[in-house]
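See below for the structure under consideration.
The values are calculated or read from the model by the stated rules, or taken from the named source; none is laboratory data. Just so it is clear, the model here is predicted, and its values are computed rather than measured. All Cβ positions, glycine included, derive from the backbone under ideal geometry; neighbour counts span all protein chains shown. With ligands, DNA and RNA removed, areas are computed over all heavy atoms of the protein, side chains included. Shrake-Rupley method; radii C 1.70, N 1.55, O 1.52, S 1.80 Å.
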Amino acid sequence: MKWQVIKIRIQKVLAYTITAFLFLLISAFLILQIPPVQNYFIGKFLKDFTQVTGFTTTIKSFRMLWFDRLELQDVSVYDPANNQMIRAGEILINFKLSQLWENKNVNIDGVFVDSAHVFVTKINESDTSRDLNMNVFIYRINQGYSSGSGGGGKPPKINIGEAFVNRSQFTYTNQDRDSVPTGFDYNHFSLSVDEGQLSSFVILGDTTEFNVSTLIAEDLRSKFRVKQISTFFRVCQKSMEFTGLNVQAGQSTISDTVVFTYNRLPDLNNFVSKVKIHARLQNTVVYPSDLAFFIDGVEAIGQPIRIDGLFNGGVNNFKFSDMQVDIGKSHLRGSIDMDGLPNITETFMNINLKNSTVDPNDLSFLFNEATMARLLPMGILSMDGQFLGYTTDFVANGRFTGRLGAINSDINFKVNEKNFDRSEYSGRLSLTRFDLGRYLNDTVTFQKVSMDGRVKGSGLTQYTADFQLNGKVHLLGIRGYDYKNINTNARLASERINGFVEIDDPNLQFRGNGFVDLREGKSIIQIQASLDTAYLHNLNLTQDKIFLKTDIVADIKGLSLDSLTGTADLRNFRIDYNKESLSLENISLNSQHRLNSRRLLLETSLADFEITGDYYFSDLYTDIEMLSTEIALNIENDAGKTAYYYENKTYVPKQYHADIGI
């Protein structure tokens, strides 16, 4: 009986205790719903928070939906410059009550934010420096709570299991910079965030990290839309990381890792010179129409670009390795080092390509019409080589193969920006069956060429080319004949040559040194040469069978009969014309021309000729030819033929004086 009484009393005590606890719990919950009590707690908390951070914070109301659920209405945070840095229409917080007594850390199961607006701008951090208000805010929170929280001054850790953002907006304004008139204004922009889902949100000291599973946003001015972002994000005073990144913006896709490193967070304001980028890009596709929102003029690219590789360095000095870039029919493989951006004309480049293919049509956005006219005949090129230097002064070292043939080069190329066709070059050049005629658009005169040698000069067309060539031409197609085995150390230009040339071809064996200028108004020949063999008909220079052989020393000006002056000496001369042959031990020609006076002296081992007077060779030749015809008619004594000749004769000889001695 005694134990039964004790049992009943214990049950009553437990019942009263539980009832009292529930009463106190419900009473406390109801008391927290009373506006004066809410205002007291809000005022006390926000007063302490404002004192710590210097950022005034207000909350219109809060409700305890239960002890683990809190609803905040109309939350605002003002920076020291009185800008409303954060505004949120509604914030729902889900947490575990027991965690409030476990440690100083803040553990929240979930947060829902609706109708928020974050405004980031520069404020005076001190009398001598300016920084983003958000940077100042985070720094003061870490400094204030870590210094008074105990535990060695470590800041509290904030854990949020899940966070949802709905119908919100992010605005950035840089008062120190002007607005960008077109496209995305990266100095002043507002992003509407339709939906955002975050998880594993952690704030510890200066480090904030979280997983983004969904983020949909749009730039309010340009209407550029970000369809989806998913990534693991971490930011601190030394770095900003995006790992497992997948961005779908416009038509473009970017993945998978991007890390920005810097000495301090404010360095992001000077991104080009103070921020380093470490990125691994995989299956990244960028459309020019999307890129045009951020960079002027890129619409001219016209085609999407697929990018894979490793990027390390800053915007002004970086290396892109394991590179795979595809645009149209062009495929670039290798690495790129660039130092000097964003000014491309002052940027030093080191581009190494392997197993790459380039279609000049895909690069038309880089060059003007004159440059493209020189590149398009090359067709699609296979490349293995290196480009070292600047856009207007670089060395091209490698092998390039296309529809016109193969090129091996170690050439320094200096671009003439006013006239690309007069650009300069120097170095070693090798051509293998290169279709020179198609490149110069003159397939009648020129065909294919194979050569190897050192070249220095300028000009990229038949009429602008002027260069020194020291090397061997294995094959050169001119007017349908392939000349072989040409050694040269000469300056070559349109209708000009100056230097040494040796030809060991089955139909032309020649060795000579001199200067030839066949330009209009010049017509100068100064050579010393040995012509051992020349089958002119086999060289497609004549229709009749003609063979020449001689040693020659000449100093002549003028190629027409009437303008010819100078001297020429031929030794061991031989000519075969069809079935006839003539050999002369020597031929000496001396032609002089002064005002109203001309003298031609031709001395040979067979006969000597001298003509002096005031005449033109063309008139003299025509008259001698006419005289020979008429003498032949008289000898033939055919009255009908003679009458017909004189009836149709229209030529009237000119008057001149010529003394002929034979």
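The alpha-carbon atoms of segment 388-443 define a convex hull whose volume equals 88 cubic angstrom per residue. Computed from the Kirkwood radius of its Cα pairs, the Stokes-Einstein diffusion coefficient for segment 369-420 at 20 °C and 1.002 mPa s stands at 180 µm²/s. Diffusion coefficient of segment 470-601 by Stokes-Einstein, Kirkwood radius over Cα pairs, 37 °C, 0.692 mPa s: 204 µm²/s.
Computed over protein heavy atoms with a 1.4 Å probe, the carbon and sulfur contribution to the accessible area of the chain reaches 56%.
For the pair R428 and M372 in one chain, pulling the backbone fully straight at 0.36 nm per residue adds 17.8 nm over the alpha carbon distance. Accessible area per residue for the chain is 57 Å², calculated with a 1.4 Å probe on protein heavy atoms, without ligands, DNA or RNA. Only protein heavy atoms count here; under a 1.4 Å probe, R130 has an accessible surface of about 100 Å².
Each residue of segment 604-620 was assigned a 3J(HN,Hα) from its phi angle through the Karplus curve 6.51 cos²θ - 1.76 cosθ + 1.60 (θ = phi - 60°); the sequence is 9, 6, 9, 7, 10, 10, 9, 10, 10, x, 10, 8, 10, 4, 5, 5, 5 Hz, with glycine and proline shown as x.
Within segment 512-554, find all residues whose amide N lies under 13 Å from a label point positioned 7 Å from the Cα of D576 along Cα-to-beta-carbon. In segment 512-554, the label zone of D576 (backbone N under 13 Å from the point 7 Å along Cα→Cβ) covers 533-538, 545-549. Over all other residues within a Cβ to Cβ distance under 12 Å of Y390, the charged ones net out to -3, with Lys and Arg as +1 and Asp and Glu as -1. On full extension, the segment bounded by E71 and D614 gains 183.6 nm, given 0.36 nm per residue less the C-alpha separation.
Which of rounded, prolate, oblate describes segment 227-324, given a ≥ b ≥ c as roots of the alpha-carbon gyration tensor eigenvalues and a/c under 1.5 marking rounded, otherwise prolate only if a/b is larger than b/c? Since a/c reaches 1.5 and a/b is larger than b/c, the shape of segment 227-324 is classed as prolate. According to the Cα-based calculation, Rg over Rh for the chain is 1.32, with Rh computed by the Kirkwood formula.
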